[in-house]
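Presented below is the structure to which this report refers.
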């Protein structure tokens, strides 16, 4: 059984994270792609309240404004707290998007596919795994896995 859920707002975000997160994290995590930010937030709340499993909610910040990002994170966390009943969760906002980890702009993202993800070398993946978002998600999921063991 998977130890945690990782909810994103798109299939592309899920695919990027599956390629960049360490293998042990991927193996212990159920990845769920929603259809947009509001759908992802709702789905994360449902998983917390009904399945009682830890949730990492990864959303695109769609801004680089630190104050706005903090306000969004606080608001979303407050909403999830109501559904969590003590189950661990964390809100991660990718600045400005998950795809930005790959240093791609929005025009190039439209033509991005999983074939390009599969073509990343081990060195490229290892370098991208040093991104703070990937590190934070890894730490959260690793902590929930060790608590479940």
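The values are calculated or read from the model by the stated rules, or taken from the named source; none is laboratory data. All values reported here derive from a predicted model rather than from experimental measurement. As a convention, Cβ positions derive from the backbone with ideal geometry for all residues, glycine included, and neighbour counts pool all protein chains shown.
Taking the range 48-81, which residues are in contact (Cβ under 8 Å) with a residue 40 or more places away in the chain and surrounded by 14 or more Cβ atoms within 10 Å (Cβ to Cβ)?
If the condition is that a residue be in contact (Cβ under 8 Å) with a residue 40 or more places away in the chain and surrounded by 14 or more Cβ atoms within 10 Å (Cβ to Cβ), then 48, 53, 54, 55, 56, 57, 58, 59, 60 are the ones that fit.
Looking at residue 29 and the list (1) surrounded by fewer than 16 Cβ atoms within 10 Å (Cβ to Cβ); (2) in contact with a strand residue (DSSP E or B) (Cβ under 8 Å, 6 or more places away or on another chain); (3) within 18 Å of residue 147 (Cα to Cα), which single condition is not satisfied?
All conditions pass for residue 29, except number (1).
For the range 90-117, name all the residues that are under 20 Å from the mean Cα position of the chain (by Cα), under 23 Å from residue 24 (Cα atoms) and at pLDDT below 80.
99, 102, 114, 116, 117
Among residues belonging to the range 118-141 that are surrounded by fewer than 15 Cβ atoms within 10 Å (Cβ to Cβ) and within 17 Å of residue 5 (Cβ to Cβ), point out the one that is nearest to the chain's Cα centre (by Cα).
So the residue we want is 136.
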